[in-house]
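Novice: One structure follows; several queries about it will come next.
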């Protein structure tokens, strides 16, 4: 907010600037008056008055005109403007006194005709001074009063017509001074209004480019700055890098402790980022828990990765907020211009893809976009295009992997696993097409197509064999998709109690409120809901507590080391005990060896799934599989039919 002093200084600068543009015209009027008066009095008054003093006045006016025309930097600061105004007032008063003495002398020596010219010259000079110097009011008043008022008083002493001329002159000057005061005040108000408009414009621009929560530049400002730096790098044949940072585990903290604490964490993150900056770096908050960096200079990729990892280490340190110790993390992706991108948007997208790669492969680290990523991006682009053009109903199909109850020695369910055979790409693995489908939002349509096929298959299974079906993040956060899922189940003829929908912790973190609503909808339908990949996400226990899950599926990463690592056995035992105390089911996936199965049975877990029992099988192979695993011949024959 500008202070009164700064506003007054700006007003003074504007006044002097306007004065400097008009003062040469005033000197031209003064020189013209002096010249014509000198000519009209030639031969009537003493020669030195017209031949010496007159030319001297004209010469002085010419020099001052040249001075003003060539003057620069008179209004660089308020101090310089103030000094210029003081000097202008002094010079005006001096010139006024000289003009007054000269004109009075001409009056005294002149005749009736020349005296009229003197009176006219005095009036013109006074009015011209007021108009020409109105932006420096003191100077205008000094010039006008130094010449006209004393001369008018001089005429008053002469009486008669001279007194009438004096009266007329004083009235004109008084009216002109009134106009001067009004115009001067209006000019000041106009300047103040312009200053305020500029201030508001600057403030609006600042707010438009600022993230109000953290005080960092916002997304708009980031891309403006990136465009500017790319242009500079292009001109100088240089390089710049963009880093995209995303917080790991922030959403659970925000959901568990509230937005006030979450906002404070974001502010502390911004502080740490600013403290980590080196010369030439720029940091912004893009939105949510995503930040971005611009790094100037020809830095090797290894240096960027080291710098990014140092930021990740800083973000992994606890944040002290409201007497609590909050633990989160961060992942960073970098991309370099012009090595991997030719524009600001491409550079950001490449850095964002490097970040995505980190999050898919461990989190908490920094990755640099490389040629390998470029190959992967192009491959995914091809997959995305084929997905958009695909006839999903004919190209998408399912395989099923059994889930067994070892204690009861029977199959309790089949998990439906998505498969895609593209006419152009051939068989595409789920690990390749599902992430692309989620990013391109075609996953919602795929889900409905596959759910319909899964339910069609489950209609012919025994009533005690359930269907397990996976939902993606985008399914849960799409109310329209959830309603379509409910409608598909209701139209299938399959009892909803036989259906178990599986969701991951990552899916829950996308939009907790909408995920909660989606799970409630599925349970109201009569279906079961399981938490898949338990132990790989953040705040798992809070999710178990918050959502009414029917089962927990322990992630295969714990099972892979359960024979060799005591810690894995301890974790699995704890989860089994948790499920038992909460009266919910527990399923272990990823079983591959008899040793793993024996350990899990001893730990109290009987429901298992994995290659030890069966690889995913075709729908047509299910009757034979059930027959081999204890189903009656009658059931097998019914399924075959």
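Novice: Considering Cα pairs under 8 angstrom that are at least six residues apart, work out the relative contact order of the stretch 289-394 and quote it in whole percent.
Specialist: Details: 117 pairs, mean separation 25.5, N = 106.
Dividing the mean separation by the residue count of the stretch 289-394 yields 24 percent.
Novice: Assuming a ≥ b ≥ c are the square roots of the Cα gyration tensor eigenvalues, decide whether the stretch 355-441 counts as rounded (a/c under 1.5), prolate (otherwise, with a/b larger than b/c) or oblate.
Specialist: The shape class here is oblate.
Novice: What is the distance, in nm, between label points placed 7 Å from the Cα along the Cα-to-Cβ direction at residue 627 and at residue 278?
Specialist: Taking the simple label geometry, residue 627 and residue 278 are separated by 7.0 nm.
Novice: By how many nm would the segment from residue 113 to residue 577 lengthen if fully extended, with 0.36 nm per residue of separation less the alpha-carbon distance? Before the final figure, lay out each step's value.
Specialist: Working: separation 464, 0.36 × 464 = 167.04 nm, distance 12.27 nm.
Taking 0.36 nm per residue and subtracting the Cα distance, the gain is 154.8 nm.
Novice: What number, in percent, do you get for the relative contact order of the chain if the mean sequence gap of Cα pairs under 8 Å and at least 6 apart is divided by its residue count?
Specialist: Rounded, it is 8 percent for the chain.
Novice: How long is the gain from residue 410 to residue 156 if the chain were fully straight, where each residue apart is worth 0.36 nm and the alpha carbon distance is subtracted? Walk me through the numbers on the way to the answer.
Specialist: On the way: separation 254, 0.36 × 254 = 91.44 nm, distance 12.89 nm.
Additional length available on full extension: 78.6 nm.
Novice: Shifting gears a bit: Decide, for the stretch 316-463, between rounded, prolate and oblate: order the square roots of the alpha carbon gyration tensor eigenvalues as a ≥ b ≥ c, take rounded if a/c falls under 1.5, and otherwise choose prolate if a/b is larger than b/c, else oblate.
Specialist: oblate
Novice: Ok, one more. Please find the FRET efficiency linking residue 172 to residue 56, where r is the Cβ-Cβ separation and R0 is fixed at 25 Å, and quote it to the nearest 0.05.
Specialist: It comes out at approximately 0.35.
Novice: Provide the percentage of antiparallel DSSP beta bridges, counting only those with both residues in the stretch 219-369; round to the nearest 5.
Specialist: Taking every DSSP beta bridge within the stretch 219-369, about 90 percent pair in antiparallel fashion.
Novice: Here's a follow-up. Distance between the C-alpha centers of the stretch 429-460 and the stretch 111-174? Whole Å please.
Specialist: Cα centroid of the stretch 429-460 versus Cα centroid of the stretch 111-174: 96 Å apart.
Novice: Additional query: Using R₀ = 56 Å, calculate the FRET efficiency as 1/(1 + (r/R₀)^6) where r is the Cβ-Cβ separation of residue 556 and residue 237; round to 0.05.
Specialist: Efficiency, from the Cβ-Cβ distance: 0.65.
Novice: Angle check, please: helix 443-458 long axis (alpha carbons) against the longest principal axis of the chain (alpha carbons), in degrees 0 to 90, nearest 10.
Specialist: Compared with the principal axis, the helix lies near 10 degrees.
Novice: Using label points projected 7 Å from each Cα along Cα→Cβ, tell me how many nm separate residue 456 and residue 208, to one decimal.
Specialist: Simple spin-label model gives 5.5 nm for this pair.
Novice: Hey, another quick one. Kindly list the residues of the stretch 92-114 that lie in the label zone of residue 36, defined by a backbone N under 20 Å from the point 7 Å along the Cα-to-C-beta vector.
Specialist: 96, 99-108, 110-114
Novice: I would also like to ask the following. Would you mind telling me the antiparallel percentage of the DSSP bridges in the chain, rounded to 5?
Specialist: On the way: 42 of 67 bridges.
In the chain, DSSP labels about 65 percent of beta bridges as antiparallel.
Novice: Tell me, in nm to one decimal, what length is gained between residue 17 and residue 163 on full extension, where the rule is 0.36 nm per residue of separation less the Cα-Cα distance? If you can, show how the numbers build up before the last one.
Specialist: Numbers: separation 146, 0.36 × 146 = 52.56 nm, distance 3.91 nm.
Full-extension gain reported as 48.6 nm.
Novice: Where a ≥ b ≥ c are the square roots of the eigenvalues of the C-alpha gyration tensor, would you call the stretch 4-203 rounded, which needs a/c under 1.5, or, failing that, prolate if a/b is larger than b/c, or oblate?
Specialist: Prolate, since a/c reaches 1.5 and a/b exceeds b/c.
Novice: Once label points are set 7 Å from the Cα along Cα→Cβ at both residue 48 and residue 317, what is their separation, rounded to one decimal in nm?
Specialist: In this crude label model, residue 48 to residue 317 measures out at 8.7 nm.
Novice: For a Förster distance of 22 Å, can you work out the FRET efficiency between the beta-carbons of residue 372 and residue 432, rounded to the nearest 0.05?
Specialist: So, using R0 = 22 Å, E works out to roughly 0.90.
Novice: Ranked from highest to lowest mean number of other Cβ atoms within 10 Å per residue, what is the order of the peptides 465-475, 447-457?
Specialist: On the way: 465-475: 22.3, 447-457: 19.5.
Ranked from most to least packed, the peptides come out as 465-475, 447-457.
Novice: Sticking with this one: Can you grab the distance from the C-alpha centre of the stretch 263-335 to the C-alpha centre of the stretch 473-491, Å, no decimals?
Specialist: Comparing the Cα centres of the stretch 263-335 and the stretch 473-491, I get a distance of 38 Å.
Novice: Divide by every residue of the chain the summed helix terms, -39500 (n - 2.57) for each DSSP H run of at least 4, and state the resulting mean residue ellipticity at 222 nm, rounded to the nearest 500 deg cm²/dmol. Working shown, then result.
Specialist: Numbers: 25 runs with 393 residues, N = 641.
It comes out at -20500 deg cm²/dmol, rounded to the nearest 500.
Novice: Relative contact order for the stretch 104-235: what is it in percent, counting Cα pairs under 8 Å that are at least 6 residues apart? It would help to have the intermediate numbers written out before the result.
Specialist: Details: 82 pairs, mean separation 21.3, N = 132.
Averaging sequence separation for qualifying contacts and normalising by length gives 16 percent for the stretch 104-235.
Coordinate-derived values only; no laboratory data. Keep in mind that this is a model prediction, so the values were computed, not measured. Reconstructed Cβ throughout: ideal geometry from the backbone, glycine too, with neighbour counts over all protein chains shown.
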